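These notes concern the structure reproduced below.
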Amino acid sequence: MEKNTSKVHVREILEQAKLGWKQRGPDTSLIAIQVGLLKKKVSFPLLEYAAKEMVTWIPEHEQTVFTDALIATDEMGSYVIAGMILQLQLPIHLEQSIEKACWYMIKGDQWYVCDIIGERVLGHALLTFPEKTIPLLEQLTKDPNKWVVRSVGVATHYAVKKGLTTKFAETMFKLMLSLSGATDFHIKKGIGWGAKTIAKFHPIIIARHIDTIESSETRQWFRTKITIGLNRNKVATSL
């Protein structure tokens with residue numbers, strides 16, 4: 001697969017897409033994006049840059065329709081661009097963006113789709129609008145789809161890594177604990193990821209809940225993730 005590592009080249013493709021949108025409509029623009037970006041190896045930061053540029057000329061009321069079309073291509077880059085566009089809509093359309101993100105994760109039906117979308121939409125929502133987002137994430141833990149549940153852990157990892165405050169990190173840790181009995185491989189990976197990151201950045205939270213963590217009701221896989229996170233905290237603080 002051909003690589004595209006030039007921001008200048010990405011700008012050229014975006015100009016073609018913009019012109020195509022104005023002259024012939026969304027389908028022409030989509031083709032330009034698909035051929036120029038999605039069918040080539042493009043770094044995630046460049047794809048995110050492309051998304052930020054695209055929302056400046058795609059009318060707001062047509063952006064979600066366009067991301068639906070992007071997702072339909074099932075190219076990895078399409079999830080990055082769509083996730084970034086949804087992220088940019090969060091300040092105005094928080095619930096709708098999270099709902100759409102979940103739909104994309106279910107449709108994509110792959111761990112990497114869950115992680116790409118989960119970080120950029122749910123994770124960013126948790127980081128920037130924790131009070132509004134946490135109740136929504138609590139609801140998602142009860143979803144029958146494994147990718148949706150996994151994404152709660154992915155979101156937690158992202159938000160904590162980016163600086164989520166101790167107060168909200170502790171709330172999310174309690175949510176991780178409530179899922180420590182999970183048996184599905186992918187859910188365990190996501191929830192374990194979130195718990196491990198909390199242990200790394202907020203060991204005081206672990207200390208507060210050590211009795212529950214060490215109880216027989218908490219499965220070994222969860223305790224192992226906590227131990228890994230605490231060990232990484234020790235390494236980081238000793239440097």
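Points worth noting:
- Note on the chain: GNM, Cα springs under 10 Å; of ALA101, ALA207, ALA51, the largest mean-square fluctuation is that of ALA207.
- Full extension of the chain between HIS9 and LEU230 gives 75.2 nm of extra length, using 0.36 nm per residue less the Cα-Cα distance.
- Each residue of the range 73-84 was assigned a 3J(HN,Hα) from its phi angle through the Karplus expression (A = 6.51, B = -1.76, C = 1.60, θ = phi - 60°), giving 6, 6, 8, 4, x, 5, 6, 5, 5, 4, x, 5 Hz with x at Gly and Pro.
- Selection from ALA69, VAL8, GLY25 lying farthest towards where the dipole of the range 1-90 points positive, charges on Cβ: VAL8
- Qualifying GluC sites (Glu not before Pro) for the range 1-108 [loop in DSSP, other Cβ within 10 Å: at most 12]: GLU2
- With every protein chain in place, the range 115-158: carbon and sulfur % of accessible area (1.4 Å): 52
- Length-normalised contact order for the chain - Cα pairs under 8 Å, 6+ apart - percent: 12
- Proximal aspartates and glutamates to LYS167, defined as alpha-carbon separation beneath 13 angstrom and excluding residues fewer than eight positions away on the same chain: GLU131
- A Cβ-based charge dipole, computed about the Cα centre of the chain with Lys and Arg at +1 and Asp and Glu at -1, lands at about 840 debye.
- Shape of the range 128-238, Cα gyration tensor, a/c cut at 1.5: oblate
- Distance from the range 30-60 to the range 106-146 (C-alpha centre basis), Å: 22
- Along the range 53-64 the Karplus relation, 6.51 cos²θ - 1.76 cosθ + 1.60 evaluated at θ = phi - 60°, assigns HN-Hα couplings of 6, 5, 6, 7, 10, 8, x, 3, 6, 10, 5, 5 Hz to successive residues, with x for each Gly and Pro.
- Percent accessible area from carbon and sulfur atoms, the range 190-239, protein chains only, probe 1.4 Å: 53
- The rule of thumb for compact globular proteins, 2.2 N^0.38 Å, goes into the C-alpha radius of gyration of the range 1-90 0.95 times.
- Based on protein heavy atoms only, the chain ends up with 49 Å² per residue of surface accessible to a 1.4 Å probe.
- Gyration tensor (alpha-carbon) shape descriptor, the chain, a/c threshold 1.5: prolate
- Measuring between alpha carbons in the structure, the pairs from LYS7/LYS52; LYS161/LYS189; LYS18/LYS41; LYS39/LYS146; LYS162/LYS225 lying more than 24 angstrom apart are LYS39/LYS146.
- Residue-span extension gain [ARG24 to THR212] - 0.36 nm each, minus C-alpha spacing: 61.7 nm
- Extension gain from TRP57 to ILE204, taking 0.36 nm per residue of separation minus the Cα-Cα distance: 48.3 nm
The values are calculated or read from the model by the stated rules, or taken from the named source; none is laboratory data. Since the model is a prediction, treat every value here as computed from it, not as a measurement. Cβ sites come from the backbone with ideal geometry, for glycine too, and all protein chains shown count toward neighbours. What goes into the accessible areas is simple: the full protein's heavy atoms, side chains included, and nothing from ligands, DNA or RNA. Shrake-Rupley method; radii C 1.70, N 1.55, O 1.52, S 1.80 Å.
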